[in-house]
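Read-outs: derived from the displayed coordinates by stated rules, not from any lab. Worth saying up front: this structure is predicted, and the values here are computed from it rather than measured. For neighbour counting, all protein chains shown are included, and Cβ atoms are generated from backbone atoms with ideal geometry for every residue, glycine included.
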Amino acid sequence: MTGSPDVYEAYFSYVLLHPIEIADKETRNRIEELPEVEAMPVYPAEGSIRMQDGVLVVKLGRKY
């Protein structure tokens with residue numbers, strides 16, 4: 001995940017006025033390591049958004 005989860009949660013709540021629930025760190029780490037998620041292109045490319053194990057994943061950047 002690019003950036004702090006707290007920043008995204010605050011942005012959705014206070015700017016977009018649409019609160020969201022961010023997955024916990026363990027879940028995020030597990031999903032980030034999945035080959036199918038690693039193979040996703042970066043947003044806004046087609047295929048950069050998907051549901052994975054009940055979690056909406058939006059790939060915003062690559063790990064280096």
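Once every DSSP H run of n ≥ 4 in the chain is given -39500 (n - 2.57) and the sum is divided by its residues, what mean residue ellipticity at 222 nm do you get, rounded to the nearest 500 deg cm²/dmol?
Rounded to the nearest 500, it is -6500 deg cm²/dmol.
Exactly which trypsin sites (Lys or Arg not before Pro) in the chain are in a DSSP loop and have at most 12 other Cβ atoms within 10 Å?
Sparse-neighbourhood loop trypsin sites (Lys or Arg not before Pro): ARG62, LYS63.
Can you tell which of ILE20, ILE49, ILE31 shows the greatest fluctuation in a Gaussian network model of the chain with Cα springs below 10 Å?
ILE20
So for VAL37, VAL57, fewest C-beta neighbours within 10 Å to most, what's the order?
VAL37, VAL57
What nm value, rounded to one decimal, do you get for the distance between SER13 and GLU32 when each label is placed 7 Å out toward the C-beta?
2.2 nm
If region 5-58 were replaced by its equivalent ellipsoid, with semi-axes equal to the square roots of 5 times the Cα gyration tensor eigenvalues, what would those be, largest first, whole Å?
21, 14, 9
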